[in-house]
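Here's the structure, in structure tokens; my notes come after.
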Amino acid sequence: MTREMRTVDELQTAGVPPLAIRAMLSLPAAPASLRVSARHPAVVVLNDIGRDRKYARWPPSVKELLRPNPWGQISFCRKNVFTMVFVLDPATGDGQAVLGYLVDLHAQGAPIRFGIVLAPGATR
């Protein structure tokens, strides 16, 4: 609260009109997670479940997701239903750990389309 009041004071000192300050204060809070579209040109998509040969034996219908599985897991279908985009700096230890996690998920056959955004200096 103190930080917000300090920001309002700084905006008033800078000559920002009171109506503009009220509008800024009524904006929704930033989300806790970042959303990135897999279609963005910065995203490098590593696999395509709908087209890659690795997934050719999976059923093509999305209705497979509704079918009960005896082991309690979700059923797979040959569609890009789930996508994970990782924003990382591969030169850092954290970035390499994230790449290792991505490789592990892919090796385990997770029904996920993976994408990466190489961002030097990316942090948590």
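The values are calculated or read from the model by the stated rules, or taken from the named source; none is laboratory data. These numbers come from a predicted model, not from an experiment. Backbone-built Cβ (ideal geometry, glycine too); neighbour counts: all protein chains shown. Accessible surface is based on the protein model in full, side chains and every heavy atom, while ligands, DNA and RNA are left aside. Shrake-Rupley method; radii C 1.70, N 1.55, O 1.52, S 1.80 Å.
Sorted by packing (mean other beta-carbon atoms within 10 Å per residue), highest first, where do 99-105, 80-86 land? Please report the intermediate quantities before stating the final value.
Details: 99-105: 12.9, 80-86: 16.0.
Top of the packing list down: 80-86, 99-105.
Report the residue, chosen from GLY15, GLY72, GLY109, that carries the largest GNM mean-square fluctuation when the chain is represented by alpha-carbon nodes joined by springs under 10 Å. Result: GLY15 has the largest fluctuation of those listed. For ALA56 and HIS40, the difference between the fully extended length at 0.36 nm per residue and the C-alpha to C-alpha distance is 3.2 nm. Here the dipole of the chain is about 700 debye; that uses its Cα centre as origin and unit charges on the Cβ of Lys and Arg (positive) and Asp and Glu (negative).
Tell me, what % of the accessible area of the chain is carbon and sulfur with a 1.4 angstrom probe?
Numbers: 5690 of 9710 Å².
Looking at the chain in its full context, I get 59 percent from C and S.
Based on alpha carbons, the Rg and Dmax found for the range 38-91 are 14.1, 43 Å. Per residue, the solvent-accessible area of the chain (1.4 Å probe, heavy atoms of protein chains only, all protein chains present) comes to 78 Å². Taking all protein chains together, SER75, SER37 sort by accessible area into SER37, SER75, largest first [probe 1.4 Å].
Its relative contact order, with pairs defined as Cα atoms under 8 Å and 6+ residues apart, puts the chain at 26 percent. Annotation: the range 23-113 has a Kirkwood hydrodynamic radius of 15.8 angstrom, from the mean reciprocal C-alpha pair distance. Measure nothing fancy, just the Cα-based angle from helix 93-107's long axis to the longest principal axis of the chain, in degrees from 0 to 90, nearest 10. That works out to roughly 30 degrees.
Taken as Cα centroids, the range 41-83 and the range 5-28 sit 48 Å apart, rounded to the nearest whole angstrom. Note on the chain: antiparallel DSSP beta bridges, both residues inside, total approximately 20 percent of the bridges counted.
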